[in-house]
Amino acid sequence: MEPLRKYAQERVAPLVSEMDENSSMADEVIKSLFELGLMGIEISTEYGGTGSSFFSSVLVIEELAKVDPSVAVLCDIQNTLINTLMSNLGTEEQKAKYLPRLATDMIGSFCLSEAGSGSDAFAMKTKAEKHKDYYIINGSKMWISSAEHAGVFLVLANADVSAGYRGITCFIVDRDTEGLEIGKKENKLGLRASSTCAVNFDNVKVHEKNILGKVGQGYKYAIGMLNGGRIGIAAQMLGLAQGCFDHAVPYTRQRMQFGKRIFDFQGLQHQIAYVATQLEAARLLTYNAARLKEAGRPFVKEACMSKYFAAEVATLTTSKCIEWMGGVGFTKDYPIEKYYRDCKIGTIYEGTSNIQLSTVAKLLDQEYNS
Amino acid sequence: MAARVLVGVKRVIDYAVKIRVKPDNTGVVTDGVKHSMNPFCEIAVEEAVRLKEKKLVKEVVAVSCGPQQVQETIRTALAMGADRGIHVEVSGKDYDSLGPLQVSKILAALAKKEEASLIILGKQAIDDDCNQTGQMTAALLDWPQGTFASEVAVEGDKLKVIREVDGGLETIKINLPAVVTADLRLNTPRYATLPNIMKAKKKKITNVKPGDLGVDLTSRLEVLRVDEPPQRQAGVKVETVEDLVGKLKEAGRI
């Protein structure tokens, strides 16, 4: 990961503050992510991807998040959500059309949530009306990451409302499709450089060959893919916490008060050691979940645990780091406050902490069933 | 054209690290300190890889002398596009006293063994600043040298090298085989892409002992002492220009 660290430090770090201030991802960063093969990590080399493993994606996301969690989430969504869905479910024709572009120059967005359906994803209202060999999609998606720059959208819409959630279908919709409109960008507390927009569908016509997988199976695909996606978010939160920690601890070793380094006060040492331990635990949870997934073993419980725990650790770490840095931690001149703002979304997106806990509980209930 | 290029890469303390002198003044602290490829060696690797991409060279071989850890440095060169690596095993006291003379003997022997017709090195290493290895290697091989190169162009079986010298730029034409040393403005090294980092893991690194190359590692130099630079003394502030002139005269400066 050393060359990646170098890239992140030299090419991304100098732009982080400005991207945060302007709520905008620099074109140069997007371009270099593609150039370095970081947007197609698991895509097979036959489609122009890097041909590497899920674990590599996890390490890349963690490393990028140390420098900028917004850049990490762009990389995470592309690799763990979009590329995974396309690679696993795409027909040969769909894969040949989209995978090479996703690996080299096109960003994808995943459209599931709506104003009225977040955790209760199946309550979505976006509909896809069937006509002969095409569908007409109408509805509004909200909170869609990377929408500003995405060239393709994977849209979950209900093609058979009478079947309830078993009508939800995944559609591949190109950006330039008539009727697809990118709404305004949200003005967020954190992860500001990652664009988060509403995406509106006004009589968007989509041919049935643009259905990813099977009609009515969309709900299953979404859940399945989010299970892996949460390990990616865990990696992002982990990197965020580590990056913040790596900025704060050197400060405590230099700052002198009462004739000694503030690091030398036992009170601070205990806090720092405690946070370091929590970080290590989060790391092991995340890596273990990734290992289990890659080995084809059951991993959903561990994935939920890792995402939930890493988000909590990120919140704890960033909060403490600001305290350790005192007044300067509270100013925008130092990078710490940004990590504190960025971490909050970790407990919310890709499955809230409560949803993670409910899932773990449900799995435990099943485990003790026999 | 040159079939094979040898590129020397040195593992040095990372340029961003704050160097500390060992308490016994025998050297600097290296244990646990971040190391990376010498920046001028990176530029050398980049130039070699570009020559290969232009199909002017068939194979780029990265060489490093030192203990086990230098394999990381060779891997970085492989990730940047070198085809294979050679690790010349030198460790312990031999490594502590390894300098340009021994390295140039090793490179000369390897150049003959590998039938290389071009050697590209960094102009100097950022730890010892010797700026000797390229020149010595050329002399041992009786090859022409283009040092402090800011531009290298292949012209048939000759090399045109533009050198950065005190007076400006000097353009020379030298026959191949030759030794070139890279200066700062020769190129901007690429970041290794993730696919290349993965490919590099599979590329071959062969291990070689200096003895196998018939090289004697005895150093003719002995480091007596290493000290930190003297602490900067506090300055003096003056109120007027007259005061300034007076103080300068006092200090014998004017």
Worksheet item: If you check B:K123 against the conditions, is it basic (K, R) and away from chain A (no Cβ under 14 Å)?
Response: yes
Response to the item:
Among strands (runs of 3 or more DSSP E) completely within the stretch A:146-216, the ones holding 1 or more residues that are within 28 Å of A:I233 (Cα to Cα) and free of Cβ contacts under 8 Å to residues at least 24 places away in the same chain are A:168-174, A:180-185
Practice prompt. Mind listing just one residue for me: the one in the stretch B:42-71 that is acidic (D, E) and in contact with a strand residue (DSSP E or B) (Cβ under 6 Å, 6 or more places away or on another chain) and, of those, surrounded by the most Cβ atoms within 10 Å (Cβ to Cβ)?
Written response: B:E47
Fill in: Hits in the stretch A:280-304 (condition: touching a helix residue (DSSP H, G or I) at 6+ places or on another chain (Cβ under 6 Å), of a type outside the set (D, E, K, R) and either surrounded by 19 or more Cβ atoms within 10 Å (Cβ to Cβ) or not in a helix (DSSP H, G or I) (or both))
A:A282, A:L285, A:T286, A:A289, A:A290, A:F299, A:V300, A:A303, A:C304
Response to the item:
All conditions in (1) part of a helix (DSSP H, G or I); (2) within 14 Å of chain A (Cβ to nearest Cβ); (3) modelled with pLDDT of 95 or more are true of B:P195 except (3)
Practice prompt. May I ask you to verify whether A:M237 is of a type in the set (A, V, I, L, M, F, W, C) and more than 30 Å from A:I82 (Cα to Cα)?
Written response: no
Worksheet, complete the sentence: If we keep only residues of the stretch B:34-71 that are acidic (D, E) and closer than 20 Å to B:R185 by Cβ, then the residue nearest to the other protein chains (Cβ to nearest Cβ) is B:E42
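Condition test on B:K10, is it within 14 Å of another protein chain (Cβ to nearest Cβ) and within 26 Å of B:V223 (Cβ to Cβ)?
Answer is no for this residue.
Matching residues to (1) facing chain B (nearest Cβ under 10 Å); (2) closer than 27 Å to A:E337 by Cβ:
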site	(1), (2)
A:Q9	yes, yes
A:V16	no, yes
A:G40	yes, no
A:G51	yes, no
A:P69	no, yes
A:V73	no, yes
Item to complete: Kindly check whether there is at least one residue in the stretch B:217-225 that is modelled with pLDDT under 95, away from chain A (no Cβ under 14 Å) and in contact with a strand residue (DSSP E or B) (Cβ under 7 Å, 6 or more places away or on another chain).
Response: no
Discussion item. So in the stretch B:165-192, with the set limited to residues that are farther than 30 Å from A:E42 by Cβ and without any contact (Cβ under 8 Å) to a residue 24 or more places away in the chain, which one is farthest from the other protein chains (Cβ to nearest Cβ)?
Written reply: B:K173
Response to the item:
Taking the stretch B:135-149 and keeping residues in contact with a Gly (Cβ under 8 Å, 6 or more places away or on another chain) and assigned to a helix (DSSP H, G or I) leaves none
Worksheet item: If we scan the stretch B:203-215, do we find a residue that is part of a loop (DSSP other than H, G, I, E, B) and surrounded by 15 or more Cβ atoms within 10 Å (Cβ to Cβ)?
Response: yes
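The values are calculated or read from the model by the stated rules, or taken from the named source; none is laboratory data. All values reported here derive from a predicted model rather than from experimental measurement. Here Cβ is always computed from backbone atoms with ideal geometry, including for glycine, and neighbour counts include all displayed protein chains.
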